[in-house]
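In what follows, a single structure is set out as structure tokens and then discussed.
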Amino acid sequence: QIDNRLFVYGETPAALRNGVEGVSLMKTMLEGLHFNSVCALNRVNESFSMATELAELISAENNIDYRTAHKIVGKIVQKYSRSNKCLIELTEYDLNEAAKEVIDRTILCSEKIFKLLESPEDSIEKKNSLGGTSEARMQEMMAHSKEELSKYQRWIDTMRETHRQMEKNLLQHSD
């Protein structure tokens, strides 16, 4: 009778090997990963990536719900997209024009709003809770990831040695 588990015997080691190779590849990628922070900052300033933070600040400073603040920012994004402008170019006039369209009144346009758009780094640094984007949290996450990868690399090394020993024992007993 044919052993129907023979298929599993071949597939399981192949799956383990693929997993091991994937972890090794990820470790190699992370070790060589570098970011161009100047380019990243330029991309933030040239885009609408600060729209969420802008909506949060408008909501907090004007005591309006987030959905309404988001609609105001959405109007600005639509207008600026059509005219190839960036959020960093936001004016009090444009902000209030959008607010009037959404809530039929002007809103408080504090200096904080414009400083937020001029300095996205501050917004990033303020997110310092668990999983946040601050430099300290990113360093913690990277250290944890490196620790995890090292742990898996040690496991891989142990499994390779175990496999080598098992193969050696098997060959000795087959003689």
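The values are calculated or read from the model by the stated rules, or taken from the named source; none is laboratory data. Only a predicted model underlies this, so the values are computations on that prediction, with no experimental measurement involved. Virtual Cβ from ideal backbone geometry, glycine too; neighbours counted across all protein chains shown. Just the protein is used for accessible areas: all its heavy atoms, side chains included, with ligands, DNA and RNA removed. Shrake-Rupley method; radii C 1.70, N 1.55, O 1.52, S 1.80 Å.
Of all residues in region 5-42, exactly one satisfies the criterion of being at pLDDT 85 or above, acidic (Asp, Glu) and either open to solvent by less than 90 Å² (accessible area, probe 1.4 Å) or more than 30 Å from GLU121 (Cα to Cα) (or both), namely GLU21.
With respect to (1) over 25 Å from the mean Cα position of the chain (by Cα); (2) of a type in the set (Val, Ile, Thr); (3) within 22 Å of VAL38 (Cβ to Cβ), the lone exception for THR133 is condition (1).
Name the residues in region 80-135 that are closer than 18 Å to ASP65 by Cβ and not in a loop (DSSP other than H, G, I, E, B), would you?
At the first step, the residues of region 80-135 found to be closer than 18 Å to ASP65 by Cβ are 95, 98-108, 113.
Selection gives LEU95, ALA98, ALA99, LYS100, GLU101, VAL102, ILE103, ILE113.
Residue pairs whose Cβ atoms lie under 7 Å apart, separated by 6 or more positions or on different chains, with the first residue in region 82-97 and open to solvent by 60 Å² or more (accessible area, probe 1.4 Å) and the second assigned to a helix (DSSP H, G or I) and at pLDDT below 90, are ILE88/ASN45; ILE88/LEU117; ILE88/GLU118.
Yes or no, residue by residue, for (1) modelled with pLDDT of 95 or more; (2) out of contact with any helix residue (DSSP H, G or I) (no Cβ under 8 Å at 6 or more places or on another chain); (3) not β-branched (Val, Ile, Thr):
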position	(1), (2), (3)
ASN45	no, no, yes
ALA51	no, no, yes
ALA69	yes, no, yes
VAL77	yes, no, no
ILE88	no, no, no
LYS112	no, no, yes
GLU118	no, no, yes
GLU140	no, yes, yes
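Residues that are surrounded by 15 or more Cβ atoms within 10 Å (Cβ to Cβ) and in contact (Cβ under 8 Å) with a residue 40 or more places away in the chain within region 100-109 comprise just one, ILE107. Scanning region 41-65 for residues that are part of a helix (DSSP H, G or I) and under 17 Å from the mean Cα position of the chain (by Cα) turns up LEU41, ARG43, VAL44, ALA51, THR52, GLU53. Any idea how many residues of region 53-67 are open to solvent by 60 Å² or more (accessible area, probe 1.4 Å), closer than 20 Å to SER123 by Cβ and touching a helix residue (DSSP H, G or I) at 6+ places or on another chain (Cβ under 8 Å)? Residues that pass the stated criteria total 2. Applying the condition of being among the hydroxyl-bearing types (Ser, Thr, Tyr) and open to solvent by less than 70 Å² (accessible area, probe 1.4 Å) to region 126-175 and asking which residue is farthest from ALA15 (Cα to Cα) yields SER134.
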